[in-house]
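I have placed the structure first, in the form of structure tokens, so that the comments after it can refer back to it.
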Amino acid sequence: MKVKMIVFLVILVIMGNVLKIFINETSKPKVEIDESGLVYKKKKDEVSHEKIDINKAEYEDFISTGFTKSQAEKLVKYKEFIGDVYSLEELPRIKGFGKSSIEKANDILYVSADGDKTRNKHNINKLSEVELKLIGFNNKEIKKILTVLKKAKIRTNIELIDIIGEEKYSETEQMIKFSE
């Protein structure tokens, strides 16, 4: 009887140690060491980001979630120019913000549902081609606007509607003014 009890306890201790080793191995974070051997990085399959609200995020937030310095600067400049972002679908307007940047943004960013969003208004007569793109005009509309602006100022919403159409005007009217 004592022998059976001792064998049972030994088996229990061995199984406990095996289980402990298994648990320790699976709970260790997977890391890799760069060439210098000084910096530890999580492997890509381990990276997980909590989504952040693009309208509340600042430069440091973009950097800490995996955006490059260039991408972070572009996002900050876009927000400074446009005001609040209404949808991540606006991001292709940013020059140099390509498909991979958009995919990264969709994985990391979101737009909160609160209704307190405001846009910055810009004088249509003073906007550059790049700025018109940021507002949401396509190349054809930009060409039409710039052609008109070479001859005269756009003074009213009616004139702008004649140039770009009612649908596009309704999409962009929150961001446009006609005089200082």
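The values are calculated or read from the model by the stated rules, or taken from the named source; none is laboratory data. Keep in mind it's a predicted model, so treat the numbers as computed, not measured. Because the Cβ atoms are built from the backbone with ideal geometry, glycine has one as well, and the counts that use them run over all protein chains shown. Each accessible area value is taken on the protein alone, full model and side chains, heavy atoms only, with ligands, DNA and RNA left out. Shrake-Rupley method; radii C 1.70, N 1.55, O 1.52, S 1.80 Å.
Inspect all residues belonging to the stretch 114-129 and state whether any of them is farther than 22 Å from Phe62 by Cβ and among the β-branched types (Val, Ile, Thr).
yes
Please determine whether any residue of the stretch 27-36 is modelled with pLDDT of 70 or more and of a type in the set (Val, Ile, Thr).
no
Restricting attention to the stretch 133-157, which residues are open to solvent by less than 40 Å² (accessible area, probe 1.4 Å) and either in contact (Cβ under 8 Å) with a residue 60 or more places away in the chain or in a loop (DSSP other than H, G, I, E, B) (or both)?
Selection gives Gly136, Phe137, Ile154.
Does Gly98 satisfy the criteria of being modelled with pLDDT under 90 and in contact with a His (Cβ under 8 Å, 6 or more places away or on another chain)?
On the way: modelled with pLDDT under 90: yes; in contact with a His (Cβ under 8 Å, 6 or more places away or on another chain): no.
Answer is no for this residue.
Which residues, taken from the stretch 158-180, are more than 15 Å from Ser128 (Cβ to Cβ), outside any helix (DSSP H, G or I) and not hydroxyl-bearing (Ser, Thr, Tyr)?
Gly165, Lys177, Phe178, Glu180
Give all pairs with beta carbons closer than 9 Å in which a residue from the stretch 96-123 that is in contact (Cβ under 8 Å) with a residue 60 or more places away in the chain meets a residue that is open to solvent by less than 30 Å² (accessible area, probe 1.4 Å); count only pairs at least 6 apart in sequence or on separate chains.
Note: pairs meeting the criteria are Lys117/Gly83; Lys117/Val85.
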